[in-house]
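S.K.: Below is the structure I would like to discuss, written out as C-alpha cells.
The values are calculated or read from the model by the stated rules, or taken from the named source; none is laboratory data. These numbers were taken from a predicted model, which means no experiment stands behind them. Neighbour counts run over all protein chains shown; Cβ positions are idealised from the backbone, glycine included.
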Amino acid sequence: MKTLLLNGSPHSHGCTFTALSEVAKALNEEGVSHEFFQLGDKPVHGCVACGYCRAHEACVFTDDVLPSLVEAVKGADALVIGSPVYFAGANGALCALLDRLFYFSGPFLHHKPGAAVVSCRRGGASAAFDRLNKYFTIARMPVVSSQYWNAVHGMDPEEVRKDLEGLQIMRTLGKNMAWMLKNIRSGHIPIPPKEELLRTNFADGK
C-alpha cells in the first residue's frame, strides 16, 4: 500500500512539507509506504476546456508536471494534497494542476482515499481546506478525516514544529489513512457499480 503526498508548495522543504512529513511518519509507523511529489516552481498550465484529454487520455499541454503526476497517481493507493494558504485559498498553480488532473483522470482516482492538508500563518485555512476537498468528492474518493481540520500554522518550518496540536492532527490523519487503506485491502465488499452518468442543465431542465 502506498500513499502519494503531493506538496503543492513552491518550497520543497517549507511549512507544507513539514506538515506532510508528519503524515508520512504516521503512515510509516502503520506499515504504509509513501511517495512525495513536489510541485515546486515549475510552470503549470490552467485548463482551457478544449476536450482533448477526453479523446486522447492525455492533456494537450505536455510541457509541465501533469504527465509525471498522472503516473504517480496511477501507482498510488491513496492521495494526500498539501498546500500553503494564499489569500484564503490554495496555491493557484496547484489548483490549475488539479483542475486538469481531476478533469480527465477520474478512473485513476475513483475509490482511492483522499485527504487535504493546508498550512497558513494565521487565517484562511478552512477556506483553502474546503476548496481542496471538493476535488475528492467529485471523483468518488472517500475523504479521510483527522480530529480537526487538517491545518498547521507558522511562518516557517520551525514555527510549524511548535504547533503541537497541528502536528497531532497530521499524525492522526496518517493513522486514519492507514486504517482505511488496510480495511479496503482486507475487505471483501466490491466497489459499488457505476451508473451511467447523467448531466442536467438547470436552464432547460434536461
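Quick grid of which residues meet (1) in contact (Cβ under 8 Å) with a residue 24 or more places away in the chain; (2) within 24 Å of Gly174 (Cβ to Cβ); (3) among the aliphatic types (A, V, I, L, M):
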{"site": "Ala49", "(1), (2), (3)": "no, no, yes"}
{"site": "Cys53", "(1), (2), (3)": "yes, no, no"}
{"site": "Pro67", "(1), (2), (3)": "no, no, no"}
{"site": "Lys74", "(1), (2), (3)": "yes, yes, no"}
{"site": "Ile81", "(1), (2), (3)": "yes, yes, yes"}
{"site": "Ala90", "(1), (2), (3)": "yes, yes, yes"}
{"site": "Leu98", "(1), (2), (3)": "yes, yes, yes"}
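S.K.: Based on this model, can you work out whether Ser119 counts as farther than 27 Å from Ile191 by Cα, over 11 Å from the mean Cα position of the chain (by Cα), in contact (Cβ under 8 Å) with a residue 60 or more places away in the chain and not in a loop (DSSP other than H, G, I, E, B)?
M.R.: yes
S.K.: Tally up the residues in region 30-40 that are on the phi < 0 side of the Ramachandran plot and without any contact (Cβ under 8 Å) to a residue 40 or more places away in the chain, please.
M.R.: Residues that pass the stated criteria total 5.
S.K.: Give the residues of region 83-107 that are out of contact with any Phe, Trp or Tyr (no Cβ under 9 Å at 6 or more places or on another chain), aliphatic (A, V, I, L, M) and in a helix (DSSP H, G or I), sorted by residue number.
M.R.: The answer is Ala93, Leu94, Ala96, Leu97.
S.K.: Checking the condition touching a His at 6+ places or on another chain (Cβ under 6 Å) and surrounded by 13 or more Cβ atoms within 10 Å (Cβ to Cβ), which residue from Phe17, Phe37, Phe61 passes?
M.R.: Numbers: Phe17 fails: touching a His at 6+ places or on another chain (Cβ under 6 Å); Phe37 fails: touching a His at 6+ places or on another chain (Cβ under 6 Å).
Going through Phe17, Phe37, Phe61 in turn, just one is touching a His at 6+ places or on another chain (Cβ under 6 Å) and surrounded by 13 or more Cβ atoms within 10 Å (Cβ to Cβ): Phe61.
S.K.: Would you call Ile184 surrounded by 12 or more Cβ atoms within 10 Å (Cβ to Cβ), over 18 Å from the mean Cα position of the chain (by Cα) and farther than 16 Å from Cys15 by Cβ? If you could, list the steps in order and put the result at the bottom.
M.R.: On the way: surrounded by 12 or more Cβ atoms within 10 Å (Cβ to Cβ): yes; over 18 Å from the mean Cα position of the chain (by Cα): yes; farther than 16 Å from Cys15 by Cβ: yes.
It is true that Ile184 is surrounded by 12 or more Cβ atoms within 10 Å (Cβ to Cβ), over 18 Å from the mean Cα position of the chain (by Cα) and farther than 16 Å from Cys15 by Cβ.
S.K.: Still on this structure, please answer the following. Working carefully through the options Arg171, Arg131, find the one that is within 24 Å of Val70 (Cβ to Cβ), modelled with pLDDT of 90 or more and surrounded by 12 or more Cβ atoms within 10 Å (Cβ to Cβ).
M.R.: Matching residue, one of Arg171, Arg131: Arg131.
S.K.: If you take just the helices (runs of 4 or more DSSP H) that sit entirely in region 4-82, which of them hold at least 1 residues that are farther than 20 Å from Asn150 by Cα and in contact with a helix residue (DSSP H, G or I) (Cβ under 8 Å, 6 or more places away or on another chain)?
M.R.: Qualifying helices (runs of 4 or more DSSP H): 52-56, 66-74.
S.K.: Out of (1) hydrophobic (A, V, I, L, M, F, W, C); (2) at pLDDT 95 or above; (3) out of contact with any Gly (no Cβ under 7 Å at 6 or more places or on another chain), the odd one out for Phe202 is which?
M.R.: (2)
S.K.: Within the set of pairs 6 or more residues apart or between chains, which connect a residue that is under 18 Å from Glu159 (Cβ atoms) inside region 1-19 to a residue that is at pLDDT 95 or above and among the charged types (D, E, K, R) with Cβ atoms less than 8 Å apart?
M.R.: Final answer for the pair search is Gly14/Asp156; Cys15/Asp156; Cys15/Glu159; Thr18/Arg161.
S.K.: On to the next question. Are any of the residues in region 173-196 hydrophobic (A, V, I, L, M, F, W, C) and touching a helix residue (DSSP H, G or I) at 6+ places or on another chain (Cβ under 6 Å)? Let's see the steps before the verdict.
M.R.: The first filter runs over region 173-196 and keeps only residues hydrophobic (A, V, I, L, M, F, W, C), leaving 173, 177-181, 184, 189, 191.
Subsequent filtering for residues that are touching a helix residue (DSSP H, G or I) at 6+ places or on another chain (Cβ under 6 Å) retains 173, 178.
Among the residues of region 173-196, at least one is hydrophobic (A, V, I, L, M, F, W, C) and touching a helix residue (DSSP H, G or I) at 6+ places or on another chain (Cβ under 6 Å), which makes the answer yes.
S.K.: Looking at Lys182, Lys175, Lys112, Lys134, which one is among the basic types (Lys, Arg) and free of Cβ contacts under 8 Å to residues at least 12 places away in the same chain?
M.R.: Lys134
S.K.: Give just the number: which of (1) in contact with a strand residue (DSSP E or B) (Cβ under 8 Å, 6 or more places away or on another chain); (2) farther than 18 Å from Leu4 by Cα does Ala96 not satisfy?
M.R.: So the condition that Ala96 fails would be (1).
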